[in-house]
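Quick note: the coordinates plus some simple rules give every number you see, no bench work behind them. Predicted model only: the values in this text are computed from it and were never measured. Please note: Cβ atoms are built from the backbone with ideal geometry, for glycine as well, and neighbour counts cover all protein chains shown.
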Amino acid sequence: MKIPYVNLNLQWQNEKKTLLKLIDKSLGAENWVGGKSVEIFESKIAKFCKTKYSAALNSGTDALTLALHLLGVRKGDEVITTPNTFIATVSVIVHLGAKPVFADVLRDQSMDPQKLEKVITKKTKAIIPVYLSGRISNMFKINKIAKKHKIPVVEDAAQAIGSKYFKKPSGSIGDIGCFSAHPLKNLNAIGDSGFITTNNKLIYEKIVELRNHGMVKRDRINNFGYVSRMDNLQATVLNFRLKNLDKIIVKRRKNFENYKKYLNRNFVYFPDEEKHQYNSYHTFVVQVKKRDKLKKYLKTKNIETAIHYPIPIHLQPASKYLGYKKGDFKSAEEQSKKILTLPINQFLKKSEIKYISEKVNYFYEKNL
Ligand SMILES: *Cc1c(COP(=O)(O)O)cnc(C)c1O
């Protein structure tokens, strides 16, 4: 038995017959950049996320860039996020000339609202909570703090399409929701793709302008923009795959329930799902002792695992100029040594979850 962490090739085999026809139809009848499929995708996603607007983009990274750009983030400003996120959340802040400021995380890896409030300054232009693994942050408190200081909230929901918080879908909780449809995300394109969601018409209109070179009409440029549009081809694929998304999330949630049943929680920590949460389980991250040794052991048992992410961003060589040091964000640093991502993709069988769990339990029972 070999258990892969992801299985894109199997996904393609399952959908190839239908999808190739749809791709052929779209390429033969629509524009390739911008087209009907893109508009259809936007209205479908807005409905899915229960927001008034959605704009299709070329990546989650550019979704974050455009969001911060239109909020006026520039040189000398500060943007607050967490140090344990994917690098892109922080790169976009840097590329706009602003300073990334970090708030440490809670045990469940989400932004600690108390730490957030402590690092807000007059220069803070935006707050980016990251819904790591598909778990929505404590948005009740984060929104309250943001409102008090009049700072907009950009949700990094790249890992959290379909997750809910008090029944509200991700992307509908802050001012702007930023999503990725990278091949490794739960709703995946066949290349890079992303999108934003918002209830604010002005934000939506500015994104549409910025993603297309800043063009208002063909020949009028009010602001210099980017080229960040979603290809029609990707929209065609996403429209097809969106139909299946709810089912994929239900399957991943079932996988989580099975892990809960089989893993010995004396050895393995992972946060429970609280009543107000509905998590998409983009990843299943556990926290364990002897993480590296366990990872190696599982590999010998043909179980592929990953680490999201082994080095907190404030300790990356690229961050050196920011002047952070070891010990600045203790939770994120401690967790970076304990976290291990176990396979949870929708193609796994119950027997495979059981097998993985038994191997993990055995490793600790036998003190290997
Ligand atoms: C994937 C991801 C992004 C970036 O999305 P891309 O589509 O790959 O550009 C940003 N933030 C987080 C937390 C992610 O997981």
Quiz item: Which of the aspartates and glutamates could be linked to Lys326 by a straight reach, that is with a Cα gap under 17 Å, when you skip same-chain ones fewer than 8 residues away?
Solution: Asp104, Glu334
Self-check item: trypsin sites (Lys or Arg not before Pro) restricted to DSSP loop in the stretch 239-314 with at most 13 other C-beta within 10 Å
Solution: Arg265, Lys275, Lys289
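Would you work out the charge dipole size for the chain about its Cα centre, treating the Cβ of every Lys and Arg as +1 and the Cβ of every Asp and Glu as -1, and quote it to the nearest 20 debye?
840
Show me the ranking of peptides 334-342, 154-162, 186-194, 221-229 by mean Cβ neighbours inside 10 Å, starting with the highest.
154-162, 186-194, 334-342, 221-229
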Self-check item: Local net charge near Asp272, Cβ-Cβ under 14 Å (Lys/Arg +1, Asp/Glu -1)
Solution: +3
Quiz prompt | Percentage of interatomic Cα-Cα distances in the stretch 245-367 larger than 18 Å | solution = 57
Self-check item: Cα-Cα over 20 Å, subset of Lys47/Lys251; Lys141/Lys247; Lys99/Lys122; Lys299/Lys338
Solution: Lys47/Lys251; Lys141/Lys247
Practice problem: Largest first and to the nearest Å, give the Cα extent of the stretch 14-73 along each principal axis. | Solution: 44, 24, 22
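Only loop residues by DSSP count here, and only those with at most 10 other Cβ atoms within 10 Å; note down the trypsin sites (Lys or Arg not before Pro) in the stretch 74-136 that meet that. Present the calculation step by step, with values, prior to reporting the outcome.
Working: sites: Arg74, Lys75, Arg107, Lys115, Lys118, Lys122, Lys123, Lys125, Arg135; in loops: Arg74, Lys75, Arg107, Lys122, Lys123, Arg135.
Counting only loop positions with at most 10 other Cβ atoms within 10 Å, the trypsin sites (Lys or Arg not before Pro) in the stretch 74-136 are Lys75, Lys122.
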Quiz prompt | Whole-percent pair-distance distribution, where bins are 20 Å wide, for the alpha carbons of the chain | solution = 29, 57, 14, 0
Exercise. Express as a percent, rounded to the nearest 5, the fraction of DSSP beta bridges in the stretch 105-179 (both residues included) that run antiparallel.
Key: 40
Self-check item: Percent antiparallel among DSSP beta bridges (both partners in the stretch 1-140, rounded to 5)
Solution: 10
Quiz item: Pick from Val268, Val79, Val101: which residue has the top mean-square fluctuation in a GNM of the chain where Cα pairs under 10 Å get a spring?
Solution: Val268
Exercise. Would you please calculate the Kirkwood hydrodynamic radius of the stretch 1-114 over all C-alpha pairs and express it in Å, rounded to one decimal?
Key: 17.9
Quiz item: Can you pull out the chymotrypsin sites (Phe, Trp or Tyr not before Pro) in the stretch 16-105 that DSSP calls coil and that have at most 10 other Cβ atoms within 10 Å?
Solution: Trp32
Self-check item: the stretch 178-320: C-alpha gyration tensor shape, a/c 1.5 cut-off, then a/b vs b/c
Solution: prolate
Quiz item: How much of the calculated P(r) for the stretch 71-209 lies past 17 Å, in percent of all Cα pairs?
Solution: 58
Quiz item: When only Cα pairs under 8 Å and 6 or more residues apart are kept, what is the percent relative contact order across the stretch 239-330?
Solution: 19
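Looking at the chain, what % of its DSSP beta bridges pair antiparallel, to the nearest 5?
Values: 25 of 38 bridges.
Looking only at bridges with both residues in the chain, the antiparallel portion is about 65 percent.
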